[in-house]
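Report on the structure given below.
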Amino acid sequence: MTLLNVRDLRVTFDTETGPVEAVRGVSFSLGRERLGIVGESGSGKTMTGRSVLRLIRPPGRIEAAEMTFDGIDLMRANEAQMRSLRGPRMAMVMQDPKFSLNPVMKVGAQLMEGLRQRDHASRAEARQKAIDALTAVQIRDPERVMGAYPHELSGGMGQRVMIAMMLIPNPDLLIADEPTSALDVTVQAEVLSILDGLVRNRGMGLIFISHDLRMVARFCDRVLVMYKGRIVEEIAAKDLLRAKHPYTQGLLNCLPRIGGSREPLPSLDRSASWARDGGN
């Protein structure tokens, strides 16, 4: 079943020197699966994810031939309709919990805030749901974490809190923007295991934005490779390390290998055609 359809998505920012296209003609669909989006910094990965939730603000603007979520036309939806979708049905885990969590509010208050205001839950009910959400992301002492401030948590713990916050309303679509960046490999594996279980057990659709090609190849079902705002290759994740497009091959060749040569890593040879519509 197709959950999300995006066709010819464009994100443009008006600047003093003229319009700049951050996303240029992106098209893809998503079922209840794990879809990876990879590419260099500035390739348009995050802008694509934010566009789905209509989180691009002026001077940016979104255009698309089609952008539908579960049959709902996101391009025609007004702001009130989008607010009713964000959180309850579509959610996004931002890249760094240090900048996403309020530093002067305890974690428990932030987890409970939406439940109290949006769902009008009692304090006791909101607290129990928040504790259940922390338990679901494998936080062993949720009571302690509820009473902590964000700066008192490790990076991995903060990331789990962000995932728990997004999952409390039980959304159908989760967009995870670099959810494992700056985490050690053990914590990375735990976060990926949590996300994998959510897709399998809840039937959720997941867009996983990352720069780590090897991790995406192991974790996702399909992968979109972006370069300068365009999708240059779509490939099954299991085949990513055997990708055909020269840009994807170049990214793979730039990855360090344990036990590999001690020579400097190769630089990426770029072609102007990759950034043009129809380029390959």
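Computed from the coordinates by the stated procedures, all read-outs in this text should not be read as laboratory data. Computed from a predicted structure; not experimentally measured. In this analysis, Cβ positions are derived from the backbone assuming ideal geometry, glycine residues included, and neighbour counts consider all displayed protein chains.
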Considering the options Gly25, Gly197, Val93, tell which one lies farthest towards the positive end of the dipole of the chain, charges being +1 on Lys and Arg and -1 on Asp and Glu at the Cβ, about the Cα centre.
Gly197
Unit charges at the beta carbon, dipole of the chain: most positive-side option, Ala124, Ser273, Met82
Ala124
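Could you rank the peptides 261-273, 115-127 by their average count of other C-beta atoms within 10 Å per residue, with the highest value first? Before the final figure, lay out each step's value.
Details: 261-273: 9.5, 115-127: 13.9.
Result, highest mean first: 115-127, 261-273.
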Computed about the Cα centre, the charge dipole of the chain from +1 Lys/Arg and -1 Asp/Glu charges at the Cβ has a magnitude in debye, to the nearest 20, of 200 debye
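Of all DSSP beta bridges in the chain, what percent run antiparallel (nearest 5)? List each step's numbers first, then the result.
On the way: 26 of 45 bridges.
Bridges in the chain that DSSP calls antiparallel: roughly 60 percent.
Calculated from DSSP H runs of 4 or more alone, at -39500 (n - 2.57) each and per residue, what is the 222 nm mean residue ellipticity of the chain, nearest 500?
Details: 10 runs with 95 residues, N = 280.
The helix-only estimate for the chain comes to -10000 deg cm²/dmol at 222 nm.
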Quick check: net charge around Asp14, other residues with Cβ under 14 Å of its Cβ, Lys/Arg +1 and Asp/Glu -1?
0
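Using a simple charge model, +1 on the beta-carbon of Lys and Arg, -1 on the beta-carbon of Asp and Glu, nothing else, what dipole does segment 156-280 show about its Cα centre, in debye to the nearest 20? Mind showing how you got there, number by number?
Working: 15 positive and 14 negative charges, 55 e Å.
Around 260 debye, computed over segment 156-280.
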